[in-house]
Amino acid sequence: MTNSIKPAYKVAGIMGWPVGQSRSPLIHNYWIAKYGPEFGFSGDYIRLPVKPEDPNGLKAAIAGMRAMGFAGCNLTMPHKTAALPFVDHLDPMAKRMGAVNTLVFADDGSISGFNNDGFGYVESLREVGYTDFAKGSIAVLGAGGAARAVLLALADAGAKEIRLANRTDANAQAVAQKFADEFGVSVKAVPWANRCQFLEGASLLVNATSQGMYGQPALDINLDALPVSALVSDVIYVPLETPLLAAAKARGHQTVNGLGMLLNQARPAFKAWFGVMPEITPELRAKALATFN
Ligand code: ATR
């Protein structure tokens, strides 16, 4: 009889509705195959379609994952905020964002909640050499969940001058007020009608609205006032090149699409479940890019 020690088996997944389009299984299963043999684990990362209609569905699904010995899961639309009541230990960043994108189940059954979206965003900029967040001013468009994650991460990364414009001005003002009152972060709300002048002198422009996403119209903005040295980023990754990024490229701007944010937010989650901080290899990026063909 051989006395081989079986590697630890771990399972994690992405819970959302819909989840069929998610690239997270590709990312995490790539890392499981890459790091598992070396670090002594095996595992699977699966799609967990949980419809929002059933009022007890999310609670039951999380309890079921715990019963089945999951290491944890990612949460995506529409569960990022709805999952908060089921978390025992909420990470400070997730608490500030009022949303979780990662759950980690401990051996004692307790659930910790994290939000790595902002980390993923800032890392995607560092990857292309945008590292001095305190320099220059940053123009952010949008005031929803994605915008709040971006704003908090930018502030934490040292951004000093942040301007915000949103279609519904009152939402931008409410975000600016909340950031000042609760986080001590200064964000200047600028009227949507002035969104073209608001680009003057910016070193970074971020689209965190839904405009330009597959099935949505292009963001209505004229880039003439934006210095050509500014980096233009979009949190959207379907399509990889939004009309905004295409227009920015045509003006000579460096651009960053939302794929970098997606890849980078996955790293700390994988570390929490499998114990290894994974790298975004050129091979992984190529595999992820190939899913858009
Ligand atoms: P997410 O969580 O992805 O950020 P969300 O919370 O629904 O999604 O936010 C969507 C963002 O896109 C909001 O900033 C929204 O602006 P409003 O606050 O005015 O709703 C913005 N948005 C949606 N439709 C838009 C449009 N046609 N033009 C400009 N901005 C739009």
Residue in segment 51-73 that is within 16 Å of the ligand (Cβ to nearest atom) and open to solvent by 10 Å² or more (accessible area, probe 1.4 Å) present: yes
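Quick grid of which residues meet (1) more than 27 Å from Ala94 (Cα to Cα); (2) surrounded by 21 or more Cβ atoms within 10 Å (Cβ to Cβ); (3) within 14 Å of the ligand (Cβ to nearest atom); (4) in the same structural domain as Met97 (by TED's automatic domain parsing):
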{"residue": "Leu164", "(1), (2), (3), (4)": "no, yes, yes, no"}
{"residue": "Thr168", "(1), (2), (3), (4)": "no, no, yes, no"}
{"residue": "Gln173", "(1), (2), (3), (4)": "no, no, yes, no"}
{"residue": "Gln211", "(1), (2), (3), (4)": "no, no, yes, no"}
{"residue": "Ala230", "(1), (2), (3), (4)": "yes, yes, no, no"}
{"residue": "Asp234", "(1), (2), (3), (4)": "no, yes, yes, no"}
Single unsatisfied condition, Phe86 versus (1) in contact with a Lys or Arg (Cβ under 7 Å, 6 or more places away or on another chain); (2) open to solvent by less than 30 Å² (accessible area, probe 1.4 Å); (3) not small (Gly, Ala, Ser): (2)
Tally of residues being open to solvent by 40 Å² or more (accessible area, probe 1.4 Å) and either of a type in the set (Val, Ile, Thr) or over 21 Å from Ala99 (Cβ atoms) (or both) across segment 137-162: 2
Leading residue by the ranking (most open to solvent (accessible area, probe 1.4 Å)) among those in segment 110-123 that are in contact with a helix residue (DSSP H, G or I) (Cβ under 7 Å, 6 or more places away or on another chain) and farther than 17 Å from Arg148 by Cβ: Glu123
Matching option when the condition is in contact with a Cys (Cβ under 7 Å, 6 or more places away or on another chain) and away from the ligand (no atom under 14 Å from the Cβ), among Ala225, Ala180: Ala225
Residue check, Asp107 free of Cβ contacts under 8 Å to residues at least 24 places away in the same chain and either surrounded by fewer than 14 Cβ atoms within 10 Å (Cβ to Cβ) or over 17 Å from the mean Cα position of the chain (by Cα) (or both): yes
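The values are calculated or read from the model by the stated rules, or taken from the named source; none is laboratory data. These numbers were taken from a predicted model, which means no experiment stands behind them. Cβ sites come from the backbone with ideal geometry, for glycine too, and all protein chains shown count toward neighbours. Side chains included, ligands, DNA and RNA excluded: accessible areas come from the protein's heavy atoms. Shrake-Rupley method; radii C 1.70, N 1.55, O 1.52, S 1.80 Å.
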